[in-house]
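Shown next, in structure tokens, is the structure this report addresses.
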Amino acid sequence: MSDPPAATDSAGTVRPAVRADFEGLPADVAPRLLGAHLTTTVAGEIVTVRLSEVEAYHGLGTGSVPDPGSHARMGQTARNATMWGEPGHLYVYLSHGIHSCVNVVCGPPGVAGGILLRAGEIIEGQDAAARRRPAARSPRDLARGPGRLGDAVGLRHPIHDGIDAVTGSEWHGAAARLSLRAQPLTGIAAGPRVGVAGVAGTAAFPWRFWIAGNPTVSPFRWGRGAEHS
């Protein structure tokens, strides 16, 4: 599949992501995803979300600091196998048995990592996103939170786990494509991850990144025991 041309929106120019964009450590790559576009085609409907909030997670042996909040903290399993695969694919997992959450696989070869797409603004396909998110009270709520974002873009666990967001190749009736900003955003905020238990959800892991002041950023809450760690 040939690369689409660079696009421009009110937030700046974006260009198609390439594999090398995701070969660094997740905590280093994550801020570059702010302002990026994720475009999906599911059942013939195109939806694009401009990302406003992300979180980085490192797997076993990834980087110098063990990450007790990661799905891959204990090594490879059937659930997290996509995290150990080629960067630029999407790890789609099920949260609380209900919500399909979308992560970008990231990291050097042979190690696991992912960047959770926590929130964003729907800039294309708002009608399709709204049908998938009938409980949304306003456009800002369509993808405000990782489960809502997964619903809005139409990616579902387990059938879309492993879809390639670099090549845009079809995977079980869907396609996904990431486009990154040509120029990094300014005004990026960082802090503890949302709802992560224990030390992994404290300032020891300031691996949540968001666009300061953006109304689509999801509400913060401490994880169990995290506020006391």
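The values are calculated or read from the model by the stated rules, or taken from the named source; none is laboratory data. Predicted, not measured: the structure shown is a model, and the values here were computed from it. Methodologically, a virtual Cβ is constructed for each residue, glycine included, from the backbone with ideal geometry; neighbour enumeration extends over all protein chains shown. To get the accessible areas, we keep the full protein, side chains included, count just its heavy atoms, and leave off ligands, DNA and RNA. Shrake-Rupley method; radii C 1.70, N 1.55, O 1.52, S 1.80 Å.
At most 15 other Cβ atoms within 10 Å plus a DSSP loop assignment makes a site exposed; report the longest stretch of the chain without any exposed GluC sites (Glu not before Pro).
Values: sites that count: Glu23, Glu170.
Within the chain, the longest run free of exposed GluC sites (Glu not before Pro) spans 24-169.
Residue-wise, which Karplus ³J(HN,Hα) couplings in Hz belong to the stretch 156-164, taking 6.51 cos²θ - 1.76 cosθ + 1.60, θ = phi - 60°, and x for glycine or proline?
10, 7, x, 5, 9, 4, x, 4, 8
Counting each DSSP H run of 4 or more residues in the chain as -39500 (n - 2.57), what helix-only mean residue ellipticity at 222 nm follows after dividing by all residues, to the nearest 500 deg cm²/dmol? It would help to have the intermediate numbers written out before the result.
Working: 3 runs with 19 residues, N = 229.
That calculation yields -2000 deg cm²/dmol at 222 nm.
Treating the beta-carbon of each Lys and Arg as +1 and of each Asp and Glu as -1, no other charges, what is the dipole magnitude of the stretch 19-67 about its Cα centre, to the nearest 20 debye?
On the way: 3 positive and 7 negative charges, 27 e Å.
Charge dipole, the stretch 19-67, about its Cα centre: 140 debye, nearest 20.
Which percent of the accessible heavy-atom area of the stretch 20-70 goes to carbon and sulfur, probe 1.4 angstrom? Provide the component values of the computation, followed by the final result.
Working: 970 of 1660 Å².
On the stretch 20-70, the fraction of accessible area on carbon and sulfur atoms equals 58 percent.
List the trypsin sites (Lys or Arg not before Pro) within the stretch 99-163 that DSSP assigns to loop and that have no more than 10 neighbouring Cβ atoms inside 10 Å. Show your work: numbers first, answer last.
Values: sites: Arg118, Arg131, Arg132, Arg137, Arg140, Arg144, Arg148, Arg156; in loops: Arg137, Arg156.
Loop-located and lightly packed - Arg137.
Under a point-charge model restricted to the Cβ atoms of Lys and Arg (+1) and Asp and Glu (-1), what is the dipole moment magnitude of the chain relative to its Cα centre, in debye to the nearest 20? Each step should come with its number before you reach the end.
Working: 21 positive and 19 negative charges, 123 e Å.
With Lys and Arg at +1 and Asp and Glu at -1, about 580 debye.
Counting only the heavy atoms of the protein chains, how much of Thr41 is accessible to a 1.4 Å probe, in Å² to the nearest 10?
Thr41 has an accessible surface of roughly 50 Å² with all protein chains in place.
Just to verify a number: FRET efficiency for Glu124 and His99, C-beta to C-beta distance, R0 = 30 Å, to 0.05?
Details: r = 22 Å, r/R0 = 0.75.
According to the calculation, E is roughly 0.85.
Rounded to the nearest 10 Å², what accessible area does Arg15 have for a 1.4 Å probe in the complete protein model?
Surface open to solvent at Arg15 totals about 80 Å².
Which value in nm describes the separation of the simple spin-label points at Phe220 and Glu45, placed 7 Å from the Cα toward the beta carbon?
Output for this residue pair reads 3.4 nm.
Taking Cα extents along the principal axes in Å as the quantity of interest, determine which of [x] 44, 37, 36; [y] 58, 32, 28; [z] 54, 34, 33 was computed from the displayed structure.
Only one option fits the structure, namely [x].
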